[in-house]
1. I need the strands (runs of 3 or more DSSP E) fully contained in the stretch 54-156, keeping only those with at least 2 residues that are at pLDDT below 90.
2. Could you list, in sequence order, the residues of the stretch 291-309 that are modelled with pLDDT of 90 or more and open to solvent by 10 Å² or more (accessible area, probe 1.4 Å)?
3. Listed residues Ser87, Ser76; which is more than 19 Å from His192 (Cβ to Cβ) and surrounded by fewer than 20 Cβ atoms within 10 Å (Cβ to Cβ)?
4. In the stretch 332-360, how many residues are within 15 Å of the chain's Cα centre (by Cα), surrounded by 15 or more Cβ atoms within 10 Å (Cβ to Cβ) and of a type in the set (S, T, N, Q)?
5. Sort out for me the strands (runs of 3 or more DSSP E) sitting completely within the stretch 377-445 that have 3 or more residues that are basic (Lys, Arg) and under 29 Å from Leu333 (Cα atoms).
6. Among the candidates Leu329, Leu314, single out the residue that is part of a helix (DSSP H, G or I), of a type in the set (A, V, I, L, M) and in contact with a Pro (Cβ under 9 Å, 6 or more places away or on another chain).
7. Of the residues Val99, Val120, Val140, only one is within 29 Å of Ser208 (Cα to Cα), among the hydrophobic types (A, V, I, L, M, F, W, C) and without any contact (Cβ under 8 Å) to a residue 24 or more places away in the chain; which?
Amino acid sequence: GATGAYHGDEPFFVVEADESDGTLGCFRPRHAIVLNVDEEHLDYFANLESVCQEFEEFGRNTTGKVIFCADDPRLSEIYTRRPASISYGFHPLAGYRIVLKGAGAPGADGAGRSVQAFEVWHNGALLGEFETLLLGDKNVSNAGAVIALLHQLAFEPDAIALAIAEFAGAARRQQQVFADHRFRVFDDYGHHPEEIRATLRAMRLPGSRRLLVAFQPHRFTRTRQLLSEFATCFGGVDQLWVTGIYGAGEAAIPGVSGESLAEAVRAAGQGATFVATLGDLRREVRAAMLPGDIVLFLGAGDITHAAHDLAQELEEETVTPNENLFAGLTGALSAGSLIRRDEPLARRTTLRVGGTADLYVEPASEADLAATLRFCAAHTLKFTILGRGSNLLIRDGGIRGVVICLAHASFSRLEIAGDRLHAGAGVKLKQVAIEARRAGLTGLEFVEGIPGTLGGSMRMNAGAMGSWLFDVIERIRFMDYEGNAHERDAREVTVEYRGCPLFRNHIALGAVLKGEPAPAEAVASRMTKFSEKRWESQPSAPSAGCIFKNPQTIPAGKLIDELGLKGTRVGGAAVSDVHGNFIVNDRGATARDVLNLIEVIKERARTARGIELETEVEIIGEG
């Protein structure tokens, strides 16, 4: 296409052209901007040398100035000796030298739009400071080319800066087709590996979390010739989809397809999914999107329709209050944190029952945990701390508000220093026992059979084989509900049977546990005895551990056995035949089945023995 304009009284046209079909040499321009020359369009040209010859002819046919990019060594070789050729770019010897401001990171203008600020220097002096709405080094470079030509045509730097600042770009060149507080969706024409790399660099925008990319290859010949470059140009993309090749009139080439390109990308170490149709592509991208994501549709073909269809779909969506909270919480945390809506909790408990959580979070750090707590306070949201889900019964209605689980690797570190183990709240107690055994430390063997994490077990002061967890804890680290971290000696903390009052309004972050040096063989032998005793006396089917606290007069398991309740069932829940104080999920039990069975046991103990059984398992959630 061409655009008419006037400079003074003289009309002129601005034409975008390329070398794809050998017609570049047919133009007779007054002035020209040349951006780059690549090993491209080899379906027409014999080799890169013949491509460069086409650019040389174009330069000879230009009657006025040729503004060329000094960062492209081939262009420098072609045009440096041509009269009236002027270079621009980041190269230190460029005639118009570009210098990024703000360490190269985009900023924001007065309207809150993302902008890239830069300077242009000419003949050793500062020509001016400029801003562009088009982000990334390539767009800044292109803006530098325009600045150089306009300055050569006697436009004032201030007028150039004003024009550059308000230019929002051409269609399909980093074109933002949708944006709200959740997502930003872009449509871009990039279809060559170098274009793709430059565009991906530009798409790492401030405040974004993930970059999702949908790519449509353009032409079978280009895909075949540049397959190895396409395979490696998507580095750093968080999720990539590749669809079928847009042939642009070419006949299909056997063995060359979007699917084979996706395979090549995967072979190079980058994840990629092939999706055959644009309709399926749009649906898969939408299903994967999370608040804070940037979504980029790339390609010179009809993939643009998928981008605009998705934008229309998002415009028509009704955003619920829960989705707004989800988006807000996502924006408050780092990209490393896991955040989900309507998360099924049954799979996150050892009993395998329970409903969903409105919002589920695995913070990536203590800072993200603190940010989650502050977010909950600001939005008056209840939050629940979830460990491994043992000793826990979640009702079928699930949990309203936010469920926080310290399952991220940052909370699961375990280090041994001498006779002490430094463990995060997310470390499984079984791992504590195993590492203590490897280090030749005794006194911790009893925790091997406790099916929980350190944090949850500290809250419950879990115990087994006659020992309590706080018998071996020397120092604790915890966070208050305002997000402040603290440390305290364990002897300063009040503990009780199956409880630690501190953690009723604080969150365990980790602890230092103390062992005693001992021969590794002796530690292993003691652990084996504990393990054998546990497997002899505890069921292997899914359970929450002991359901009831032991009354003063008789162990709960023995009481239930004497009452003849072993094997008693309600729905899919059953009293274990192995240990009477265990209720197992035998046949797809619901939480209601388990609760009803608990009431059956309590009523029998009350009427037959006059004993009021008290549950040890924690029961939470909506009925």
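1. The strands (runs of 3 or more DSSP E) meeting that bar are 114-122.
2. Of the residues in the stretch 291-309, the ones modelled with pLDDT of 90 or more are 293-309.
Listed by number, the residues that qualify are Ala300, Asp302, Thr304, His305, His308, Asp309.
3. Working: Ser87 fails: surrounded by fewer than 20 Cβ atoms within 10 Å (Cβ to Cβ).
Only one candidate qualifies: Ser76.
4. Qualifying residue count for the region: 1.
5. Values: elements: 383-386, 392-394, 399-405, 414-417, 420-424.
In the stretch 377-445, there are no strands (runs of 3 or more DSSP E) which contain 3 or more residues that are basic (Lys, Arg) and under 29 Å from Leu333 (Cα atoms).
6. Numbers: Leu314 fails: in contact with a Pro (Cβ under 9 Å, 6 or more places away or on another chain).
Of the residues listed, the single one that is part of a helix (DSSP H, G or I), of a type in the set (A, V, I, L, M) and in contact with a Pro (Cβ under 9 Å, 6 or more places away or on another chain) is Leu329.
7. Details: Val120 fails: without any contact (Cβ under 8 Å) to a residue 24 or more places away in the chain; Val140 fails: without any contact (Cβ under 8 Å) to a residue 24 or more places away in the chain.
None of the other options fit; the residue is Val99.
Okay, residues lined up against (1) among the aromatic types (Phe, Trp, Tyr); (2) in contact (Cβ under 8 Å) with a residue 60 or more places away in the chain:
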position: Arg182; (1), (2): no, yes
position: Thr221; (1), (2): no, yes
position: Gly236; (1), (2): no, no
position: Thr243; (1), (2): no, yes
position: Tyr246; (1), (2): yes, no
position: Ile253; (1), (2): no, no
position: Val256; (1), (2): no, no
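The values are calculated or read from the model by the stated rules, or taken from the named source; none is laboratory data. Nothing here was measured: the structure is a model prediction, and the numbers come from that model. For neighbour counting, all protein chains shown are included, and Cβ atoms are generated from backbone atoms with ideal geometry for every residue, glycine included. Protein only, heavy atoms only, side chains kept; ligands, DNA and RNA dropped before computing areas. Shrake-Rupley method; radii C 1.70, N 1.55, O 1.52, S 1.80 Å.
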